[in-house]
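**Student:** What follows is a structure written as structure tokens; I'll ask about it next.
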Amino acid sequence: VHRAENVDNPKVLRSFMEAFQEAPIPVVIPLHPRTVKRLRRIRLWKRVSESENVRVLPPVGYFDFLILMKNCRLIMTDSGGIQEEATAPPIRKFVLVLRISTERPEAVEAGFAKVVGVEKEGILKALDEALRREAPLPEKSPFGDGASGERIADLIIEEIIPELEERSGQVNQY
């Protein structure tokens, strides 16, 4: 949870934290310092940080975050990037999008995500439905197969480097 539209709105931030505390499964949440500051401002930090059901973590690095995503049951987020990454073949997790809309409709259309809004009741209802969900996730990500880096490297080696060598008259071994 990091978007200004959510974190800077006390009603929405309270709704999220109450939903996390009442969730039927434990919730692990890495919190940005700005979010912690807002929680302190609305006097929710102590309750959230001491909750039996919520495990608050400091911000984690990218690879640690990928490990958290890979090993969780499902993901609740307001992040567009996380919606995409959740569809990657090594992760493949269902996502509850804690927003009114998403800039990643492909994830919703493919069956990887559901936009659930920002109200506690809607989040908890969607969470319950997601936990009972029996439909398998799609095999393919709507955002690609995860091999674009290899294809880019191949293109550079096979086409761009030879063209540059030809232009410069140099020959190098790769």
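Throughout, read-outs are computed from the coordinates displayed, never taken from laboratory work. Since this is a predicted model, take the numbers as computed values, not measurements. Neighbour counts run over all protein chains shown; Cβ positions are idealised from the backbone, glycine included.
**Student:** Counting Lys and Arg as +1 and Asp and Glu as -1, each charge on the Cβ, what is the dipole of the chain about the Cα centre in debye, to the nearest 20?
**Tutor:** Here the chain has a charge dipole of around 1500 debye.
**Student:** On to the next question. Over the Cα atoms of segment 34-82, Rg to Rh with Kirkwood Rh, two decimal places?
**Tutor:** Computed over Cα atoms, the ratio is 1.00.
**Student:** Here's something else I'd like to know. How much mean residue ellipticity at 222 nm does the chain get from its helices, if each DSSP H run of length 4 or more adds -39500 (n - 2.57) and you divide by all residues, to the nearest 500 deg cm²/dmol?
**Tutor:** -13000 deg cm²/dmol, from helical runs alone.
**Student:** Okay, next question. Please list 3J(HN,Hα) in residue order for segment 43-59, calculated via the Karplus relation 6.51 cos²θ - 1.76 cosθ + 1.60 where θ = phi - 60°; whole Hz, with x for glycine and proline.
**Tutor:** Result, rounded to whole Hz: 6, 10, 4, 4, 4, 5, 5, 9, 5, 5, 9, 10, 9, 8, 10, x, x.
**Student:** Also, I was wondering about something else. Could you check the spin-label model distance between Ala135 and Phe65? Points 7 Å from the Cα along Cα→Cβ, value in nm.
**Tutor:** 2.8
**Student:** Please give every one of the lysines within straight-line cross-link reach of Lys70, meaning a C-alpha to C-alpha distance under 29 Å, and leave out same-chain neighbours fewer than 8 residues apart.
**Tutor:** Counting by Cα, and skipping residues close in sequence, Lys70 has these lysines nearby: Lys37, Lys46, Lys93, Lys114, Lys120, Lys125, Lys140.
**Student:** Still on this structure, please answer the following. Indicate the gyration tensor shape class of segment 1-91 (rounded, prolate or oblate), computed on the Cα atoms with a ≥ b ≥ c the square roots of the eigenvalues: a/c under 1.5 is rounded; otherwise a/b larger than b/c is prolate and the rest oblate.
**Tutor:** prolate
**Student:** Once a ≥ b ≥ c are taken as the square roots of the eigenvalues of the Cα gyration tensor of segment 83-133, is the result rounded (a/c under 1.5), prolate (a/b larger than b/c) or oblate (a/b not larger than b/c)?
**Tutor:** oblate
**Student:** Rounded, prolate or oblate: which one fits the chain, using the alpha carbon gyration tensor with axes a ≥ b ≥ c (rounded when a/c is under 1.5, else prolate when a/b beats b/c, else oblate)?
**Tutor:** Here the chain falls in the prolate category.
**Student:** OK, next. Check cross-link reach from Lys11 to the aspartates and glutamates: straight Cα distance under 12 Å, and skip same-chain residues fewer than eight apart.
**Tutor:** Glu119
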